[in-house]
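Student: Sharing a structure with you now.
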Amino acid sequence: MTNEKKASGTEVASSKKIPNFELEYEPKNEVFLLGRVSSAPVEKVLPSGDTVVEFRIVVTRSQSRSAKKEIDTLDIAAWSARSRASALKLRPDTWVEVDGAVRRRFWQAPTGLASRWQVEASAIRRL
């Protein structure tokens, strides 16, 4: 993949053709989830003073490794004022659509550096 220089001097990946395809793509971190809320939203104020609302949703895998239906439980974080307000209205067993991006969060735990993956919601819609 080739790189291009932005005006600020940082390098960014340019589009690249996928072998054997005529489509071009840009690297993206976007997710669209449709699932059921599995836990009540919890509002947290972090040591930094930032506020986040966290909850979980259950989604069904589109392709399972076996005949049995498989599900995943995903952590969702709402950081913006609009997404926090939407998240706080959710109740367990509510069906929702979540648009966002996958993020890895790091923090200092008593045992050392810790991290976890979560979906940072940019939009939350009740169905």
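The values are calculated or read from the model by the stated rules, or taken from the named source; none is laboratory data. Quick caveat: nothing in here was measured; it's all calculated off a predicted structure. Ideal geometry is used to build each Cβ from the backbone, glycine not excepted, and the neighbour counts take in all protein chains shown.
Yes/no per residue for (1) free of Cβ contacts under 8 Å to residues at least 12 places away in the same chain; (2) farther than 22 Å from Trp107 by Cβ; (3) of a type in the set (Val, Ile, Thr); (4) surrounded by 11 or more Cβ atoms within 10 Å (Cβ to Cβ):
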residue	(1), (2), (3), (4)
Ser38	no, yes, no, yes
Pro41	no, no, no, yes
Ile57	no, yes, yes, yes
Lys68	yes, yes, no, no
Ile71	no, yes, yes, yes
Trp79	no, no, no, yes
Arg84	no, no, no, yes
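Student: Taking the residues in region 31-47 that are outside any strand (DSSP E or B) and over 21 Å from Val102 (Cβ atoms) as candidates, determine which candidate is modelled with the lowest pLDDT.
Tutor: Pro47
To keep it simple, each residue is scored yes or no on (1) more than 25 Å from Leu127 (Cα to Cα); (2) in a loop (DSSP other than H, G, I, E, B); (3) modelled with pLDDT of 90 or more.
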{"residue": "Glu4", "(1), (2), (3)": "yes, no, no"}
{"residue": "Ala7", "(1), (2), (3)": "yes, yes, no"}
{"residue": "Val12", "(1), (2), (3)": "yes, no, no"}
{"residue": "Asn20", "(1), (2), (3)": "yes, yes, no"}
{"residue": "Asn29", "(1), (2), (3)": "no, yes, yes"}
{"residue": "Val53", "(1), (2), (3)": "no, no, yes"}
{"residue": "Ser62", "(1), (2), (3)": "no, yes, no"}
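Student: I've got another one for you. Name the pairs whose Cβ atoms lie under 8 Å apart, with the first residue in region 101-114 and touching a residue at least 24 places away in the same chain (Cβ under 8 Å) and under 30 Å from Lys28 (Cβ atoms), the second part of a loop (DSSP other than H, G, I, E, B) and not basic (Lys, Arg), and 6 or more positions between them or separate chains?
Tutor: Ala101/Asn29; Ala101/Glu30; Val102/Asn29
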